[in-house]
Amino acid sequence: MRALRKLLGFLTLVGLAFAGIVVYRRRFAARRERVDLYYEDGALVSLDDGSDGAVRLLPLAHEILSAART
């Protein structure tokens with residue numbers, strides 16, 4: 001019975017730590033936009049916010065997404 005209590009306490013502690021990590025990442029982690037370009041041959045190029053290509057493509061992507069939502 002005592003071992004079961006210790007196990008339950010440990011699992012509760014692990015669960016709380018995991019929940020804390022999830023909350024922290026959602027609240028404080030910076031959400032950066034990026035553009036992912038998928039090519040026909042299966043290649044992928046990611047352009048981070050602030051790069052030359054992303055500066056040109058992100059406004060277009062926002063426009064397309066807003067048009068698709070309406």
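Results, tabulated for the structure shown:
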read-out	value
Matching entry among ALA43, ALA54, ALA29 (being surrounded by 11 or more Cβ atoms within 10 Å (Cβ to Cβ) and hydrophobic (A, V, I, L, M, F, W, C))	ALA54
Residue among VAL35, VAL45, VAL22 that is out of contact with any His (no Cβ under 8 Å at 6 or more places or on another chain), part of a helix (DSSP H, G or I) and within 30 Å of HIS62 (Cα to Cα)	VAL22
The listed residue being without any contact (Cβ under 8 Å) to a residue 60 or more places away in the chain and in contact with a helix residue (DSSP H, G or I) (Cβ under 9 Å, 6 or more places away or on another chain), out of LEU44, LEU37, LEU7	LEU37
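Laboratory data are not the source of any read-out in this text; all were calculated from the coordinates shown. Predicted model, so just to flag it, every value in this text is computed and none were measured. Virtual Cβ from ideal backbone geometry, glycine too; neighbours counted across all protein chains shown.
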